[in-house]
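Derivation of every value follows stated rules applied to the coordinates shown; laboratory data play no part. Computed from a predicted structure; not experimentally measured. Reconstructed Cβ throughout: ideal geometry from the backbone, glycine too, with neighbour counts over all protein chains shown.
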């Protein structure tokens, strides 16, 4: 187990975030020790906005045995989802194609039920192991209340590993499906971002709604609403969390005033204003 003080901007895809005490755990026993005090869990740092003040709790990151995987057995929650998508395709196993391009670890993808219009993480799950209340528990997906970009894990629960529901299929079919998913994602920005800022309102596209409000290119500090896709806020270099939050509020106000739509953030906000002090 490694414990160190870090700036979380170096551990998020948006490149924003203040200080925290990072606990990198490699075994189940280490995880038990790391959770003896208040904690938060960090995956691959996607879909995450960490406040500039940092995080007062321990921040746990899964490594070691939590990054091992067997596509026909247990898959560690610290495994990168893009790696699994490619490995499954090479093995002729279908079920993950719709998750192509999602830069998450498995645990985070389960917690948020990450997905695209081609499929969600819950669709590919056979069983989920969750650590909570000092022990490891196995659940079937139906017990975890999966919905659009959400799950209902037990309070304080940490996804530790999963079993995937994959089917053998000709590699050519799998690769065709992946190419279709990849084409649909071509309009997404390549700059640093946390992914989609908002959930799609029922029957609508958040990106299209933002585009129609004329908000693409709106900038606060080094945070900007992407010119390529309205539902992405990108970091142009030195963005602060306060810059990103300002853009989020401006978008929400505009959508509410002009369309009567209350946009719900998809990006998770981590930390408390003034919550971390040296």
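Points worth noting:
- Per-peptide packing, taken as the mean over residues of other Cβ atoms within 10 Å, places 38-47, 3-12 in the sequence 38-47, 3-12 from highest down.
- Secondary structure note: in region 2-64, about 40% of the DSSP beta bridges are antiparallel.
- Global geometry of region 147-189, whether rounded, prolate or oblate, following the gyration tensor of its Cα atoms and the 1.5 cut on a/c: oblate
- Each DSSP beta bridge with both residues in the chain is either parallel or antiparallel, and the antiparallel ones are about 75%.
- Our Cα-only numbers for region 192-270 put the radius of gyration and Dmax at 11.4, 35 Å.
- Taking all pairs of distinct alpha-carbon atoms in region 1-71, Kirkwood radius in angstrom: 12.5 Å
- Across all Cα atoms of region 1-153, the radius of gyration (one decimal) and Dmax (whole number) stand at 15.4, 46 Å.
- Taking every C-alpha pair closer than 8 Å and separated by at least 6 residues, the mean separation divided by the residue count of the chain gives a relative contact order of 20 percent.
- Of every Cα-Cα pair in the chain, the percent that sits beyond 30 Å: 32 percent
- Choice from 180, 29, 236 showing the highest fluctuation, given a GNM over the chain with Cα pairs closer than 10 Å: 29
- Shape of region 30-111, Cα gyration tensor, a/c cut at 1.5: oblate
- Average projection, convex hull of the Cα set of region 95-243: 10.8 square nanometres.
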